[in-house]
């Protein structure tokens, strides 16, 4: 299938494993230039090596942090496809999750995507082409017991 992504630049947050990795690899196969993101250089390098071929770029950093997102934007000011895949979840009883942990989950699962989208969306509008995709979990509709 040709998704007509040759010459397009894509960023997939949280793309060193799982669904994010599969999306990054698929975009690379379709000819997009792909920015692979993970928290550590080691994981980013390993993911790029496992994808194997294509126009691949790495960015190591925790995107729950606004200053890290600013560094990413400085290095990659424009993308055509943004996949907000980054997310964390810890199965624990509701009453045992502290305010600090809720804040960490909010910054990771929500604000990382908001900050990235807010920046990249303006360029997409200016170029009259772009895609912003948010990945979420089925846990929003099929709530786990914990």
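Read the figures in this text as sums done on the coordinates, not as results from a lab. Note that this is a predicted model, so its numbers are computed, not measured.
At-a-glance table
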item	result
Calculated on alpha-carbon atoms, Rg and Dmax of the stretch 96-136 in Å	13.9, 47
Cα-based convex hull, the chain, per residue volume (Å³, whole number)	124
Using alpha-carbon coordinates, inclination of helix 66-75 to the longest axis of the chain, degrees	10
Enclosed volume per residue, in Å³, of the convex hull spanned by Cα atoms of the stretch 1-69	79
Residue-averaged [θ]222 nm for the chain, counting only DSSP H segments that reach four residues, each worth -39500 (n - 2.57)	-12000 deg cm²/dmol
Percent of C-alpha pairs per 5 Å bin, the stretch 27-101, short to long	3, 13, 20, 22, 17, 10, 7, 6, 3, 0
Using alpha-carbon coordinates, inclination of helix 112-127 to the longest axis of the chain, degrees	30
Angle in degrees between helix 18-29 and the longest Cα principal axis of the chain, rounded to the nearest 10	10
